[in-house]
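Presented below is the structure to which this report refers.
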């Protein structure tokens, strides 16, 4: 079996990070969030229409507005202790980084700030409902595109970074613009998470000294060094040619490989589910199985004797397999079932932990 390349490892780490967020999004959704997201995204779509923002520019403006709104809605009502002040400092840091990028895309800072103020005033009452405004950027990404890890997986395969016999390009029926916008938005989401971590990291490690016990195992010492490297890369990301997904050609293999190598190193995430390439679509298929079951509670999760003739009795596993086939992926029912118990257990624990 050929040795895995560094870009392949980076791709798996990034896909795994997106997948965990896909699971968290699915686990945290409720009626209040659905209502909030429909309202919020329709307003942003209207703003983009009025401003005549289309395609990539519209997706970018939507992303920036969502980033700003997430920070504003989660601010404390007043400064009562140093932690509250840190929240305000972090929000100002995020805003300054967003506005710094505006000039590249001819966005108006004044219009953006007006939009932010109007949206904040419209949704301000939701500040008391922490569950609804939790991770606005991530939940809107899910609301717009459902599962984004499968989109990243398809992109990495189409570019030749990853390979699998479970994928057939000619069987994919998903619109190319949908795939492109979803991929860009998902990478921007990770960049936003890194930006938030950058503030926290600089705050935590600014004057910190780290001691290493040489009696520790080699694995433990390597883990510490990897953590230090990730922290340092995050602090210095602007000094080692860390570029945004917006600045590369997402159809160019070399550009994407270099981008994901840098992104993965700064992100510092190690794969929890996607440790091997063949594992990926099995777990993604299970996500679609859970997603389908949550929307079709009366349908059986799986039913081996299903004859294919009664649409209203179609089991959820068959529906899930149909969904991943739209992206060009094929999977056997038994492979789906073998991953389901483990993923559902993780999903259920996450759902309980997100019960605000």
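In table form, for the structure just shown:
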{"item": "Label point distance in nm, residue 168-residue 304, each placed 7 Å from Cα along Cα→Cβ", "result": "2.6"}
{"item": "Burial ordering of 323, 176, fewest other beta-carbon atoms within 10 Å first", "result": "176, 323"}
{"item": "Residue exposure sequence - 4, 185 - by fewest surrounding Cβ within 10 Å", "result": "4, 185"}
{"item": "15, 116, 187, 352 arranged by Cβ crowding within 10 Å, fewest neighbours leading", "result": "352, 116, 187, 15"}
{"item": "Extension gain, residue 105 back to residue 118 (0.36 nm per residue minus Cα-Cα distance, nm)", "result": "2.5 nm"}
{"item": "Calculated FRET efficiency for the pair residue 92/residue 275, C-beta based, R₀ 30 Å, to 0.05", "result": "0.15"}
{"item": "For the stretch 279-353, alpha-carbon Rg over 2.2 N^0.38 Å", "result": "1.07"}
{"item": "Euclidean distance between Cα centres, the stretch 113-165 to the stretch 261-279, Å", "result": "19"}
{"item": "Expected 222 nm ellipticity per residue - DSSP helices of 4 or more, -39500 (n - 2.57), all of the chain, to 500", "result": "-22000 deg cm²/dmol"}
{"item": "Rough spin-label spacing in nm, given labels placed 7 Å along Cα→Cβ, for residue 348 and residue 5", "result": "4.1"}
{"item": "Rh by Kirkwood over Cα pairs, then Stokes-Einstein D for the stretch 142-202 at 1.567 mPa s and 4 °C, µm²/s", "result": "99"}
{"item": "For Rg/Rh (Cα atoms, Kirkwood Rh), calculated from these coordinates, the label among (1) 1.01; (2) 0.99; (3) 0.97", "result": "(3)"}
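Every number here is computed from the coordinates shown, using simple stated rules; none is lab data. Remember, predicted model here, so these are calculated numbers, not experimental data. Glycine also receives a Cβ, built like all others from the backbone with ideal geometry; neighbour counts cover every protein chain displayed.
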